[in-house]
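A short worksheet on the structure shown next.
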Amino acid sequence: MTLLSSKSDMSVNKRRLRMWIRMLRTTRFVEARLREFLRDKYDTTLPRFDVMAALYRSADGLKMSELSKLLLVSNGNVTGIIERLVTDALVLRVNVEGDRRAMLVCLTDQGRKVFEEMAREHEALINDLFADLDGEDLDELVPVLSRLKAIEDKKS
């Protein structure tokens, strides 16, 4: 079988490539705006925001290994972020009973309060960035992206 078996396949292949480039450009644009917003408004980073979001969703806290797996980053990356969040009194680290090597991390009350404020403004920024998409657009786009995620899950 050849890489491009027919003219119609080539057309679909090119369209897939164009779709990927548009998705990538959009993602980079939105990420850049989010990074700028977090840096300017909260003197924080997108990775710190992501860690806080994961801990916010897990009220009982997460082991460091669970957190790094959830965020798809190395334990070392998570450790550095957690160290700074602990220093800022936004995260608390506690030993896991029965496992001397494991640490459980959770947001402090102050960390929850700070994250809730950031999350509200994050949502407002996302809504502003995608304001030109109406409900019908979202009803078409979200299922397609969900199918892409399902394909990704099958392949991993």
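Laboratory data are not the source of any read-out in this text; all were calculated from the coordinates shown. None of the values given here were measured: they were computed from a predicted structure. Neighbour counts run over all protein chains shown; Cβ positions are idealised from the backbone, glycine included.
A few comments on the model shown:
- 0 to 90° range, to nearest 10: angle between helix 7-42 axis and the chain longest Cα axis: 30
- About the Cα centre, charge dipole magnitude for the range 45-124 (Lys/Arg +1, Asp/Glu -1 at Cβ), debye: 240
- Per-residue ellipticity at 222 nm, computed for the chain from helices alone with -39500 (n - 2.57) per DSSP H run of at least four residues, works out to -24000 deg cm²/dmol.
- Unit charges at the beta carbon, dipole of the chain: most positive-side option, MET19, THR45, VAL96: MET19
- Within the range 45-124, the percentage of alpha carbon pairs spaced more than 18 angstrom apart rounds to 34%.
- The C-alpha atoms of the chain define a longest principal axis, and helix 135-155 lies at about 80 degrees to it.
- When both the range 101-156 and the range 15-50 are represented by their alpha-carbon centers, they are found 12 Å apart.
- With a threshold of 30 Å on the Cα-Cα distance, the over-threshold entries among LYS63/LYS113; LYS14/LYS155; LYS41/LYS149 are LYS41/LYS149.
- In the chain, the longest principal axis of the Cα atoms and the axis of helix 109-129 are about 20 degrees apart.
- Two-decimal Rg/Rh across the chain, once Rg and the Kirkwood Rh are taken from alpha-carbon atoms: 1.08
- Arranged from fewest to most other beta-carbon atoms within 10 Å of their beta carbon, THR44, THR108 become THR108, THR44.
- For the chain, size of Cβ-based charge dipole, Lys and Arg +1, Asp and Glu -1, in debye: 940
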